[in-house]
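Structure record follows, encoded as structure tokens.
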Amino acid sequence: MSDGGQNAMVISRRIVFVVGIVLVGGAVLAFLNGQTVLGIVLLVITFLAVMARGLATVLRGQRALADRERAQVPDGPVRAAEAPAPVEDVVAQLVGMNSDALPYQIDATRGPDGVRVTVQWKHEEMRWQTLFVRGSQAFAWRMEVDLDPAKAQYRFVEHSGKASVRAAAGPLGATAYGNWTWTKGKTSGGTSATFVEGADGQVTVTGPDGPRTSWEGVVMIKPGDAKVPVFTVLRNNGWRPPRDWSGARLFEK
């Protein structure tokens, strides 16, 4: 985003904060004076303003992530399942899509029964500090694709992780909690994301491009961005899963 756009977002945040305090104060006075309808209207206006500002933050973060580099699927003839490409050619194309600018890394290791292709999302973590809250959020994702050269077939499984920590200080004292989850299976069209704003220099994001400190930040993992090019290469080379049907293909997105 341009400097002008960033300044506008900072100013709008301050306006919403100040106006919100005024409106909430007005709502309290309205309730105390028996003007219930006016109080409710002021609270609703405050809520809508905060929601609109939050939506702007999310949309801005999504636009920034949409600019990430996409893997370039190699050009070439599409093979039929009856004439698949050798596993060496498939692996070379998959690993050849790697780029420092991609948010994930593709590696391959040969085993006694075939080749395992590992697609690992690079580090995605954000730490922030506001007036009363410190927090961190990290996401992890890995996909393992096992290639069977004898049958030109592949099987895959995904591993997804999320870790979050929050510490807050308030009138009743300090509270802190953490949460960590790790799941194994297959996903379809999923996205994990967190968007945060704070004072200048209080949000640090560590992503594919390294650490960055600012007044705002976003971390996101979208497995489909990695899965689509990987499975496109496999299918273009005539490789298929053991059971190939429309339902199974949903998990390749």
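The values are calculated or read from the model by the stated rules, or taken from the named source; none is laboratory data. Here the structure is a predicted model, which means the values were calculated and not measured. Counting neighbours? That spans all protein chains shown, and the Cβs are built from the backbone with ideal geometry, glycine included. With ligands, DNA and RNA removed, areas are computed over all heavy atoms of the protein, side chains included. Shrake-Rupley method; radii C 1.70, N 1.55, O 1.52, S 1.80 Å.
One table, with the values for the structure above:
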| quantity | calculated |
| --- | --- |
| Test for residue 57: is it among the polar types (S, T, N, Q), at pLDDT 80 or above and buried (at least 16 other Cβ atoms within 10 Å of the Cβ) | no |
| Residue match in the range 69-77 (condition: in contact with a Phe, Trp or Tyr (Cβ under 7 Å, 6 or more places away or on another chain), open to solvent by less than 30 Å² (accessible area, probe 1.4 Å) and at pLDDT 85 or above) | no |
| Residues being closer than 24 Å to residue 96 by Cβ and not in a loop (DSSP other than H, G, I, E, B) - total across the range 211-248 | 15 |
| Qualifying position, being of a type in the set (Gly, Ala, Ser) and touching a helix residue (DSSP H, G or I) at 6+ places or on another chain (Cβ under 8 Å), among 135, 114, 178 | 114 |
| Hits in the range 219-253 (condition: under 20 Å from residue 124 (Cβ atoms) and open to solvent by less than 20 Å² (accessible area, probe 1.4 Å)) | 219, 221, 223, 224, 226, 227, 229, 230 |
| Any chance residue 81 is of a type outside the set (Lys, Arg) and in a loop (DSSP other than H, G, I, E, B) | yes |
| Checklist (1) open to solvent by 20 Å² or more (accessible area, probe 1.4 Å); (2) assigned to a strand (DSSP E or B); (3) at pLDDT below 90; (4) not aliphatic (A, V, I, L, M) applied to residue 162, failing item | (3) |
| Count - residues of the range 76-99 that are closer than 30 Å to residue 207 by Cβ and without any contact (Cβ under 8 Å) to a residue 60 or more places away in the chain | 6 |
